[in-house]
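What follows is calculated from the coordinates using simple rules that are stated; it is not laboratory data. Predicted model, so just to flag it, every value in this text is computed and none were measured. Note that we place each Cβ from the backbone using ideal geometry, even for glycine, and neighbour counts take in every protein chain shown.
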Amino acid sequence: MSTKMIERPAIDLDAEARRIAGAVDSIFAQLLEPPGDPRDRLFAAMRHAAIGGGKKLRPLLAVAASRLFGIDEDRAIRVGTAIEAIHVYSLIHDDLPAMDNDDLRRGKPTVHKAYDEATAILAGDCFHDLAFEILSDPVTCPEPSARAELVLELASASGLSGMGGGQMLDLAAEGETLDLAAITRLQQLKTGALIEYAVESACILARLPADSRTPYRGYARNIGLAFQIADDLIDHSGDAQTAGKKVGKDASAGKATFVSLLGEERARLQASMLVDQAIEHLASHGEEADLLRAIAHFVTERDR
């Protein structure tokens, strides 16, 4: 079934995304107010990386998922800000010369280009720590056991069993011949783990039992893979100005991707099927799931 056959939710996704992104930027602005001492350069670099630009997809997912359970939006935004802090840290470090060596991110010079490599490394480190400061704060969630689970699951999603491990697989894959299963596993760790955590965080805040989280994990898993396929399509045939970053990097590095393995047309079809499956996981919900449905459609349309 094509996503075109699924009735679109009557929701202004752009307006919602701008509102949530603005709220996240406001929290970063407060937390990263320069102290007026030699650390000012570090604070400025962090503000450069985090404030303005980017879709803030992960915070948006956290807020959208929180609506399923009637969770206070301010708490969901704070959790989303913690996830974005991890995401920004990963982008800063990925862009370094030792990693992907990029000079453009979110339409701006990368942090090591705008400042210097040492400052960029410290900025990434501090974003990593900031994420757990936010989650550990009772303002985010008054229940200690929920805060502990939020911290534990984000550490897992960003570490060896998640984003960090996926990045190592990605570095090792340059010039290697990977099959579809290997690419899927790599991307589920590198990209999918944080996306899945964004949805899982709402389940944690709602204190949902583990055996009741299956449909939400299914939605997030499908969206994570569809997102990566769309990312591969952007790198394959997208425009650098629109994407806000350099394109064509995967082919230059000799990396196998969903597009190189499936071809452009089959990759688009696979992403569309994943979106359909993600939306089906929300079948038991009504209007409270409309933002999640709208995000699912957006994931595959952003590369066009």
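What to note about this one:
- Helices (runs of 4 or more DSSP H) fully within segment 160-227 that include at least 2 residues being under 14 Å from the mean Cα position of the chain (by Cα) and aliphatic (A, V, I, L, M): 193-205.
- Single residue of Thr140, Thr110, Thr119, Thr191 found to be among the hydroxyl-bearing types (Ser, Thr, Tyr) and under 24 Å from Ser260 (Cβ atoms): Thr191
- Filtering segment 113-151 to residues that are touching a strand residue (DSSP E or B) at 6+ places or on another chain (Cβ under 8 Å) and farther than 26 Å from Pro38 by Cβ leaves nothing.
- The condition (being of a type outside the set (Lys, Arg), at positive phi, surrounded by fewer than 15 Cβ atoms within 10 Å (Cβ to Cβ) and free of Cβ contacts under 8 Å to residues at least 24 places away in the same chain) is satisfied by just one residue among Gly36, Gly22: Gly36.
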